[in-house]
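Asks: The structure is given below, and queries will be raised subsequently.
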Amino acid sequence: MLVLFETPAGFALFKVLDEGKLSKVEIGCFGVMNDFGSGIYGRSSRHQNQLDSHCDGETLAVADSKLGNAIKEKLKIDCLHNNAVMELMRGVRSQLTELISGLGVQDLAPMSLGLSHSLSRFKLKFSPDKVDTMIIQAIGLLDDLDKELNTYAMRVREWYGWHFPELAKIVQDNIQYAKVVKLMGNRVNAAHLDFSEVLSEEAEAELKEAAVISMGTEVNDLDLLNIKELCDQVLALSEYRAQLYDYLKSRMNTIAPNLTALVGELVGARLIAHGGSLLNLAKQPGSTVQILGAEKALFRALKTKHATPKYGLIFHASLVGQAAPKMKGKISRSLAAKTALAIRYDALGDGQDNSMGLENRAKLEARLRVLEGRELSKSAGSVKGKPKIEVYDKDRKKGAGALITAAKSYNPSSDLVLGRATEQDIEMLTNGQESVASKKRKHEEEEATEAQERVDEDGEKKKKKKKKKKTEVENGNAQDDDQVAEAKEVKEEEREKKKKKKKAEAEEAEQIEEPSKKDEKKKKHAEEEEAQAGTESKKKDKKKKRSE
């Protein structure tokens with residue numbers, strides 16, 4: 001059995017003489033690495049030839065199972081990897097300097113250090129397309145260019161405005177303004193120049209009319225020369241900005257295609273720059289991605305106990321911009337969740353396509369339409385949502401122009417035709433009407449008499465009830481007067497008892513206070529006498545001292 005052992009100095013191939021005893025191991029061959037490249041890739045033609053020549057009919061023990069599978073596929077050599085092999089590797093590592101002649105401990109340390117440095121450089125250069133530092137620098141430079149362009153363009157407007165102030169209202173775009181100023185120079189030249197490449201026909205005609213009646217001051221050629229040079233700077237910066245934007249777009253599509261498909265190049269680049277790197281951004285949850293860029297507002301809201309912000313940098317995404325003001329919070333939350341997934345897929349996944357981002361964007365657009373549909377149905381007038389019209393569809397006929405309910409046709413058989421009335425018929429009708437009217441009068445008179453009788457009976461009943469109530473009230477008042485008199489007597493007796501108790505308590509308190517007052521007077525009198533005796537003794541002592 002042979003053992004393939006890897007060291008910072010190179011690969012060593014050992015032969016195990018006795019598999020039962022680990023001590024009997026001798027070196028078969030040793031391949032030294034000529035440069036860092038061969039050490040990194042771990043394979044060269046010379047090493048492959050040595051393995052082929054020494055491993056005929058032998059089993060090769062390796063420290064890594066994946067390496068063993070690769071050797072078996074490429075070189076058709078049987079490989080072995082188990083616990084016994086790992087113990088053998090540990091023994092070889094501890095006795096490496098004794099097994100390999102000419103290799104000292106002091107030589108292994110610089111070799112391992114150099115190999116680690118070259119390996120780290122190799123990992124850094126392994127995928128230069130995945131380096132997000134370029135995106136962070138590009139988006140920072142793009143923001144700086146926008147600020148500088150705005151400052152320079154406003155300076156051009158203010159400077160040239162002294163000569164032609166009306167031009168600022170005619171041409172709103174800064175780049176077009178700089179091109180017009182560079183082409184025209186003095187406003188007198190406007191009538192003879194063609195501005196069709198820069199402006200529309202209406203703006204050109206308006207410019208030429210305003211140049212004739214302008215209220216601006218006259219400037220000399222030196223001033224116009226400096227203004228034109230500033231216009232050249234504005235145009236050069238705008239061209240470089242467009243070029244930088246194309247570069248940023250291509251880098252974003254390479255490094256984070258799914259993030260770009262969801263939120264766009266500029267918003268995605270700003271998120272990466274704010275997070276520090278794509279990997280750091282992938283570690284953040286969706287809630288953090290949602291408010292990334294609104295940290296000041298968040299902490300101010302937490303401090304003052306107000307509502308926290310609903311979006312940060314993600315507000316500038318096209319999906320959030322399409323939503324209604326009430327729906328922006330919901331869409332930004334959904335977009336942040338999908339964006340967090342897309343960032344993780346771009347940072348840690350192996351795929352290079354933007355299929356996941358496009359799929360999630362389609363889902364978010366569908367959700368936005370659903371939310372807007374709900375809002376429209378709620379504002380349509382029905383409280384519970386959409387009006388239910390399915391009930392009326394049962395009579396709908398097939399066809400594009402069919403009505404919901406069938407139109408009713410005219411039925412002539414339902415009509416009635418009346419003939420002409422004769423004189424006898426008229427007399428019969430009049431006699432019948434008079435008899436009907438007399439019957440109605442009699443019936444009304446009978447009803448009136450019955451109603452009067454009922455009213456009289458009700459009146460007599462009410463009078464009897466009133467008399468009964470009066471007698472009951474008089475009897476009740478007499479009883480109430482007796483009860484009131486008894487209650488007054490009880491209350492007077494209770495008041496007299498309370499007064500007697502208060503007098504007795506006051507007398508007892510006076511008797512207790514009198515001896516205490518006498519004792520206090522005696523104490524005060526004794527204290528005054530002592531004080532007088534003390535003062536007299538002091539006076540006598542002073543007189544004695546003076547006489548002496």
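The values are calculated or read from the model by the stated rules, or taken from the named source; none is laboratory data. Predicted, not measured: the structure shown is a model, and the values here were computed from it. No Cβ is skipped: glycine too gets one built from the backbone with ideal geometry, and neighbour counts run over all protein chains shown. SASA here: full protein model, heavy atoms, side chains in, ligands and nucleic acids out. Shrake-Rupley method; radii C 1.70, N 1.55, O 1.52, S 1.80 Å.
Asks: FRET efficiency for residue 131 and residue 240, Cβ-Cβ distance as r, R0 = 22 Å, nearest 0.05?
Replies: With a Förster radius of 22 Å, E is 0.50.
Asks: Within 10 Å, Cβ to Cβ, of residue 311, how many net charges do the neighbouring residues add up to if Lys/Arg are +1 and Asp/Glu are -1?
Replies: +3
Asks: I would also like to ask the following. Using a Förster distance of 51 Å, how high is the FRET efficiency between residue 154 and residue 120, based on the Cβ-Cβ distance and rounded to 0.05?
Replies: After rounding to 0.05, the efficiency reads 0.60.
Asks: Not counting ligands, DNA or RNA, and with a 1.4 Å probe, what is residue 330's accessible surface area in Å² rounded to the nearest 10?
Replies: Here the residue's solvent-accessible area equals roughly 80 Å².
Asks: Could you calculate the contour length gain from residue 113 to residue 333, that is, 0.36 nm times the residue separation minus the distance between their Cα atoms, to one decimal place in nm?
Replies: This chain segment gains 74.4 nm when fully extended.
Asks: Sticking with this structure for a sec: Going by amide H atoms built from the backbone, whose H comes under 5 Å of the H on residue 7, apart from near neighbours?
Replies: 12
Asks: In the full protein assembly as shown, how much of residue 447 is accessible to a 1.4 Å probe, in Å² to the nearest 10?
Replies: 100
Asks: Further question on the same structure: For residue 69 and residue 15, what is the calculated FRET efficiency with R₀ set at 35 Å and r taken between the beta-carbons, to the nearest 0.05?
Replies: 0.95
Asks: With a 1.4 Å probe and all protein chains kept in place, how much accessible area does residue 315 have, in Å² rounded to the nearest 10?
Replies: My reading of the accessible area for residue 315 is about 80 Å².
Asks: Within segment 192-231, name every residue whose backbone N is under 13 Å away from a label modeled 7 Å from Cα of residue 176 along the Cβ vector.
Replies: Under 13 Å, as judged by backbone N against the label point of residue 176, lie 195-207 of segment 192-231.
Asks: For segment 256-374, what D do you get in µm² per second when you plug the Kirkwood radius from alpha-carbon pairs into Stokes-Einstein at 37 °C and 0.692 mPa s?
Replies: Estimated via Stokes-Einstein, D reaches 227 µm²/s.
Asks: Label points 7 Å out from Cα along the Cβ direction at residue 463 and residue 502: separation in nm?
Replies: Taking the simple label geometry, residue 463 and residue 502 are separated by 6.0 nm.
Asks: Can you list the residues of segment 335-352 with backbone N under 19 Å from a point 7 Å past the Cα of residue 308, pointing along Cα to Cβ?
Replies: Output list for this probe position: 335-341.
Asks: Now for a separate question. Residues of segment 130-244: accessible area per residue at 1.4 Å, in Å²?
Replies: 60
Asks: OK, next. At what distance in nm do the modelled label points of residue 1 and residue 86 sit from each other, each positioned 7 Å from its Cα along Cα→Cβ?
Replies: Each label point lies 7 Å from its Cα, and together they span 1.5 nm.
Asks: In nm, to one decimal, how far is the modelled label at residue 491 from the one at residue 191, with both set 7 Å along Cα→Cβ?
Replies: Label-label distance for residue 491 and residue 191, simple model: 11.4 nm.
Asks: Follow-up question, since we're still on this one. Suppose the chain between residue 443 and residue 93 were pulled fully straight at 0.36 nm per residue; how much longer would it get relative to their current alpha carbon spacing?
Replies: Value of the extension gain: 112.6 nm.
Asks: Now a separate question. Provide 11, 299 ordered by accessible surface of protein heavy atoms (probe 1.4 Å), highest first.
Replies: 299, 11
Asks: Where does each of 271, 119 land when they are ordered by accessible area, with a 1.4 Å probe and the largest first?
Replies: Result, largest first: 119, 271.
Asks: Separate question: Tally Lys/Arg at +1 and Asp/Glu at -1 over every other residue whose Cβ is under 15 Å from the Cβ of residue 212; what's the total?
Replies: -3
Asks: For 306, 525, give the ranking by accessible area with the largest first, probe 1.4 Å.
Replies: Final ranking, largest accessible area leading: 306, 525.
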